[in-house]
Structures are given as C-alpha cells and as structure tokens.
Number of protein chains: 2
Amino acid sequence: MRRGTNLPWVRDYNQGVVLEAIRLGGGVSRVEIASKTGLTAQTVSNIVRRLLTEGLVVEGERPFDGGQRRVPLSVNREARSAVGVQIDVDETSIVVLDLGGHVVLRRRCATDPEHRPLEVIRQVAEEVGAVLDEAGAERGNVLGVGVACPGPLDHRTGVVFRPPNLPGWDRVHLAEALSEWTGYPVIVDNDATAAAIGERWSGGARGARNFAFVYVGVGIGAGLFLEDHVFRGATTNAGEFGHITLDPEGPACHCGSRGCVEALCSPGRVVSAVERRIRAGEPSLLASRAEYGFAEVCRAALGGDALAGDEVRRAAYHLGCGAVSLVNLLDLELVVLGGKVLGTVAELYRREIERAVEERTMASGLRRVRVVLSQAGEDAAAVGAASLVMHTAFAPRQAGLERADLSQLTPVGPSV
Amino acid sequence: MRRGTNLPWVRDYNQGVVLEAIRLGGGVSRVEIASKTGLTAQTVSNIVRRLLTEGLVVEGERPFDGGQRRVPLSVNREARSAVGVQIDVDETSIVVLDLGGHVVLRRRCATDPEHRPLEVIRQVAEEVGAVLDEAGAERGNVLGVGVACPGPLDHRTGVVFRPPNLPGWDRVHLAEALSEWTGYPVIVDNDATAAAIGERWSGGARGARNFAFVYVGVGIGAGLFLEDHVFRGATTNAGEFGHITLDPEGPACHCGSRGCVEALCSPGRVVSAVERRIRAGEPSLLASRAEYGFAEVCRAALGGDALAGDEVRRAAYHLGCGAVSLVNLLDLELVVLGGKVLGTVAELYRREIERAVEERTMASGLRRVRVVLSQAGEDAAAVGAASLVMHTAFAPRQAGLERADLSQLTPVGPSV
C-alpha cells in the first residue's frame, strides 16, 4: 500500500531542492533560486537561513546594486565530507569527497582475491581511517562511508548476495561490518548505480532528469536516474544492463542465461576471444606475449593490431546495441559511459555507442540523445559511492512516509 | 532544474493515497486507512470528510461495536466516469469506466484505414457521444476522454508523431481535435502505458510498485510502472519494448534497426513466417486457405498444426527473451501480458514468458517474479485509456510544482 506524506517531508524536500540549486548553480542568488525552483521568495529565504545556520552554505559579497536577496550563495565545500569505497575483485579504490563534489583525495590498494570477505572489509576499514587522516578531514564533518560493489545486493540492508564478479562473497553483511569497524554509517550500492549518482552529483549529468550510466568494470551494469530520482527497483537490483539478452542462442553467461551483453562484451570476454583466435593461428602483435589482459588488448588495438581492433570494436558494437535497447525502453536524454577498465578505448566505445543510438533508436530523427564519457573517469564508482552518501543525506526524496530513512547521516561534529 | 513542492501538493497527494486505499480495500475503515498509509487519524479523518462532501466516497453501516472511525468506506462508483478510446489501424474500441474501475459499457467499431486522421477522430467523437448516451452517464460526472494509440506521441500535448503502426498519422493534434468535438478534456497516451495504468487502477496489478505491462497489438510495447508511478521518460515515449534488440544482425525492423522484438515476434511477422514456409512447400492446415491472419494461425497452432505451432512458440520464446531483459534491467516484481490480438494463445505466451523469467533472469533463485495475464483482456488499452483519466485526476503525483497539470479534469456537473 502506498504511504502518505507530511509537512516535515515537504520541508526536507524543498531544502534538498534549494541546496541542489545552490550546488549546481554556484553563485546563484535567492531571487534566482525562487525563479528556478518555483518556490516562493519567503520559502527560499527561510531555507537559505537554515542552510547558513547549519554552515552548509556561505554568502558571497553583496552586489553593488542589490539587497540581500541578490547576494550570491555557494555551498561551503568543507562543511561536510564523505568517503567513497569501490570494492572490486583485486583492488579497492577509496576517495574523499567534499560537499561541493570535489575529490579531496584518492587512493587505490590491491586486495588479495584469496582473502575472505571479512578480511577485505577489515583492510578497507583501516584504509578509510588512514585516508581520512591524510586528507585532514574534520572527523565530525564526515557524513559516512559509501561502498560500491558488484551486485546482486540489498541496498536497504547493506547485504551482498553472491555477486558473480566478487567470488566468495555470499550474504556478506558489508554495511554492518564496515560501520562497526570505521565508526561511521555505511551505505552500500552496486557500482553502476553509485556511478550514476556520482555523475549526477558532481559530473556531467548535473540536471539530467532521465539518464543511464553504463558502467564497464569486471562486469557491465547500468545505473538509472529516472524522473530526477535514482531508480533501484523492487529489490534494489535494477540496472542489470549486462544481462540484457543480445542473442538468445549466444554464448552461455555466468548468470545462467545466454547471449547477455556481459557474455558478449565484458573485458574478460574480449581477452578470451583474442586468445582463441591467436591459438587458431591468426596473426597478432599479442601472439608473442605469454600473458595479456584487457589493457594490453586495447593498446594493441589502438596500435593498429587488426585482430585486437576487431574484437574491441565488436565488443563496443554489442555495447551499442544494448544501449539502443536501454534508450528505447527508458526514453533517456543522456547515456554516460565509464568504469575502471575502459582506459584507452573509452572514446572508441563512446563513439560506437553514440553511432548505435543515432542510427538505431526510435528517438533518432525526433530528438538527440547525448552519449558522453564520465567526468569521474576510472574512479567513477568510488566517487559515486561517496556521492551516494551526500545524495542520501541531501537529495530531495520521493514522497512517502516510510522512506525517510538513513537519518543517521547527520554529523555530530563541531560545525553543527 | 528540479522544482520545489508545497502544501497544496501534500494535501492532494495524501487525498490520492487515501482514495486509493479506499478503492483498493473496499470496506476499509478510517482506522485501517491510517494504519496502512502511515497518516495520522486526524489527517485521514479530514480527507475522508472532504471525499464524502465531494461525493466520491460513501459510508457503509456503522459496525455494532465501533464508532465512526470504524465505519466501512467505499468509493461511490457512479460519482465519476471516464471514457476510454483505443485507436488502432482498423478498429476503435470505446469503454465507459466508473470510479470503481468497472466497465459500464464497451463498444467496438471498424475504422477505415483509408480515412484521414481527422475523419477518424470525427467518427470517434460521434461514437463517444453515442456511447455516453447508451450508458446513461450523467454528463456532468464525466471527467474526460482518454485515448490510447500507438506511439511515438507527446503525452503532454496530445500530438501523435508518425507511428509506424498507424500509417498516415503525422503530427496529428489528437487531443485538441477530439476535445473540441466532444467537449471534454482529452488525454492521450500510448497503448501499452495506458494498459499498465488500467491494470494498476482496476486489474491485477493493484498495489504493485514496480511492474511492466507487455502489450501485444499490431506492434509490441511495454507500459512501465516504477516506484508507484507511471514512467514515461524524457519525451513521454518510454516503453518501446518492441524495439529492444534481440538479434543485432536479425531481420530489418520498420523502426530502422534490426532484430527488434517487434521484428521477430509481432503478430504480422508470425503470419509472414508461416506464409513463407508454406510457399516453400512445408505442410500445414493453412496451406489450403487463400487468406489468413494471426487469429487463424493461432487456431491452427492450438489445433495441432506443427508449422503454425512452431512459429507461435518461436514468437513467444522471443517475447520471453525480451521480458528477461526487462526484468533484469528494471528489477520488476510483476509482468502483465495482454493486448487486443493475443486471444487464444494468451496463456501459451504467458507460460513461455514465465519460463524465460524463471530460468534466465538474475532474480531466479533469489525471488519470484510473477507473470500474469491482463484482467482487462482484449480491451486492456481501452480500459487503460479510461483509467488514464481517473489516474490523472486522482492518483498521487510525484512532487514538483510544475506537474500539477490537467486540473481541468474537474467535472462541473450537479454532483460536485
């Protein structure tokens, strides 16, 4: 049954709207905020006063020809920070983000794939502490830790369920354990959804109401922002773009289906395809190498190796076909592409997706769907994980009384 | 830029929530509504008083052991009605729906595919008047006319853009023309989205927060209900499920792409495939017939004709593969199947989709995704079009000041 809403929700919602207007339109005034948000001057004025008191916003200089209502406002970047962690099978990335969406510090550390989940989480907890020390972050201003990892998982409880791309993790209570060991609230989301929130919070999707972040890591997923809200679906596992069927009779996928996007074009599959063709005797610059991964295949492709180029382009082509389904199904205005492993072929992938979207979607001819690279680059999921914390604390939520959760994201430090 | 919200919005939202609770839980009391919606007893009481004054709700008998707060409430079915129209290439269906979601009257009439759009709309306007007379509907209680037709179209303006499945309709101002000729407000939506709203309003998706209506008509589409709200996307053309790519190198689709769901399993493609194989000399009960359509192919398939059965099952199989993508991408709890042409093979299609969803989605093993047939049967889109009017007038809307549109759906008749 749908839940009702109430006045505190309206207050929080409008405060989120105003803070977003200030964040995205640096130097915006109360008058401009009222005009952009449709809120009355009085409402905007009250909310700004609250934000100033809480130290989240600062005033610039009063303009020569205007009163208080024309004073430029901007967020107080140092007022809050959030930690973002991306856990992958062999590496953990950690970033510290300020309230303005700027990365204060980033660090990567190798994780041993042989380690058990709790050992990995223990190591992450130590790294989080070290990174916060190094960043000189005021501990009382740290809202919490966001974690991005492969799904399936339950965003609401922070439990990770046997992700195919995180072997050995089976019903791991990630949020609970990491929260205990860091002392901060922890929120977990899948890597692609986190990346989408990051791009909306501080990247190239600011202001986009309907977009997808196509995330290429060990696996492939999509984070969905629909009608101005992150969309997670019935069990918070929406966005399994890697398991859209592209060829019902195609190669078996580890998910149990066949011909999924991931089975056709994950980085691992590209490498396997190159290996297979080299073993079959086809010529390639890579033939003389004992071992190579996706990065080497991409370099070979860009260096003119025909076989590597062929397989990279085929993967990009299939990714483009998947993007066509995504755009047709969700009527998106924007597709953002990013992820840890894309590296040197990011632009090649982007162009291929753009071409598919331009040539093959229902939208082609009627309107233009932008296809861009993530501004967060290879750290998209880690930046997204930190943004997830900011988003949970500050973004306007959908109505409904039950959803006012995660109120623990209120720092108790000196600035409050 | 995101828009703020205000107190009148909260009032409307909660009124929508309460009306929905009464509609879906016939005989529910104020106490039960408060418990189900999370609203306070006072808020529920105020809203119910307003609904009683407006005549939208009626009280049953006071129970022996309870006070006013335990009086059963139900919607006053006759208080409002809405007309639903489905326009297809060769036929128009019209229904009259009451506030309880019951079909008061239904009618079909042939439309000449040679007629120009404005002639068709003129004919529809006359039929709407005749149907309302026949239903004995109090004109002052008629909220408006909903129209479902193939997309692409602009739901916001009611303009239809060259739908591939409605030849000759090119930028037709459908809502404007029909409103002028009927005297009622008119809302236009694509057939699948309308069908989804209908199923949520009065069918088997009551209470479902995340579901899709897979609509099989001349074309194939999906209506999406995400997080309790109908989802229309950036240009109100979301749900082009028929143009998910199932085979990038497959048969050309009229949309400009290849191997789309629609290109592989629209009813017309099934008939073409049967014709092709019969011409190639394969045996079939249909070989002796000069002319046959999808209905005849389905009857032959159910009658044991191997060739027809083969093609019908292949179409259902591909539809199932598309549904797997849909469920994986959107993490749905429910898929509803329906549409005008499904007829006798509806259950066969349903089983095939259910099997694909059970065997091939990421959700399999973790949770159960239901696959059901539409309760509205072949009239799903027409019932949906009428529900669209009810939904627009009464359903809780997402927050945001700009979206309080279509306020013209307030009857000025005697009951108000």
In whole Å, largest first, the alpha carbons of the stretch A:14-82 cover along the principal axes 36, 25, 20
If one builds a Gaussian network model of chain A from Cα atoms under 10 Å apart, the most fluctuating residue listed among A:Cys149, A:Cys298, A:Cys253 is A:Cys253
Per GNM of chain A with C-alpha springs under 10 angstrom, the most fluctuating residue out of A:Gly158, A:Gly67, A:Gly293 is A:Gly67
Where a ≥ b ≥ c are root eigenvalues of the Cα gyration tensor, a/c under 1.5 meaning rounded, otherwise prolate if a/b exceeds b/c and oblate otherwise, the stretch A:226-304 counts as prolate
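With a cut-off of at most 11 other beta carbons within 10 Å, and DSSP calling the residue loop, which GluC sites (Glu not before Pro) in the stretch B:1-109 qualify? Please list them. Let's see the in-between values first.
On the way: sites: B:Glu20, B:Glu32, B:Glu54, B:Glu59, B:Glu61, B:Glu78, B:Glu91; in loops: B:Glu54, B:Glu61.
Those satisfying the criteria are B:Glu61.
Tally Lys/Arg at +1 and Asp/Glu at -1 over every other residue whose Cβ is under 13 Å from the Cβ of A:Gln86; what's the total? Kindly include the intermediate steps, with their values, before the conclusion.
Details: positive: A:Arg106, A:Arg107, A:Arg108, A:Lys340; negative: A:Asp88, A:Asp90, A:Glu91, A:Glu127, A:Asp189, A:Asp191, A:Glu378, A:Asp379.
That sum, taken over residues with Cβ under 13 Å, equals -4.
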Nearest 10, in degrees from 0 to 90: the angle of helix B:41-53 to the longest Cα principal axis of chain B is 80 degrees
at B:Ala280 the sorted inter-copy label distances (label 7 Å from Cα on Cβ side), in nanometres, are 2.6
Rounded to whole Å², per residue accessible area for the stretch B:228-339 with a 1.4 Å probe reads 34 Å²
Distribution output for the protein assembly as shown: share of Cα-Cα pairs per 20 Å bin in percent, first bin at 0, values 15, 45, 33, 7, 0
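Could you tell me which GluC sites (Glu not before Pro) in the stretch B:238-314 are loop residues by DSSP with no more than 14 other beta carbons within 10 angstrom of their beta carbon?
B:Glu249, B:Glu291
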Taking the label point 7 Å from Cα along the Cα-Cβ vector, the copy-to-copy distances for B:Thr157, listed from shortest in nm with one decimal, are 4.9
Here the tail fraction of P(r) beyond 33 Å, over all Cα-Cα pairs of chain A, rounds in percent to 36 percent
Here the correct list, in nm and shortest first, of distances from A:Glu54 to the same site in the other copies, label points 7 Å along Cα→Cβ, is 3.3
Tilt, helix B:380-394 to longest principal axis of chain B (alpha-carbon atoms), in degrees rounded to tens, equals 30 degrees
Highest GNM mean-square fluctuation among A:Arg49, A:Arg69, A:Arg279, for chain A with Cα springs under 10 Å, belongs to A:Arg279
If one compares the long axis through the Cα atoms of helix B:267-279 with the longest principal axis of the Cα atoms of chain B, the angle in degrees, nearest 10, works out at 10 degrees
Note on the stretch A:89-235: C-alpha Rg/Rh, Kirkwood Rh, two decimals, gives 0.95
Any aspartates and glutamates whose Cα falls less than 13 Å from that of B:Lys340, other than same-chain ones fewer than 8 residues away, would be B:Asp88, B:Asp90, B:Glu91, B:Asp191, B:Glu378, B:Asp379
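The values are calculated or read from the model by the stated rules, or taken from the named source; none is laboratory data. The structure displayed is predicted, hence computed values, not measured ones. Here the Cβ is made from the backbone with ideal geometry for all residues, glycine too, and neighbour counts use every protein chain on show. Side chains included, ligands, DNA and RNA excluded: accessible areas come from the protein's heavy atoms. Shrake-Rupley method; radii C 1.70, N 1.55, O 1.52, S 1.80 Å.
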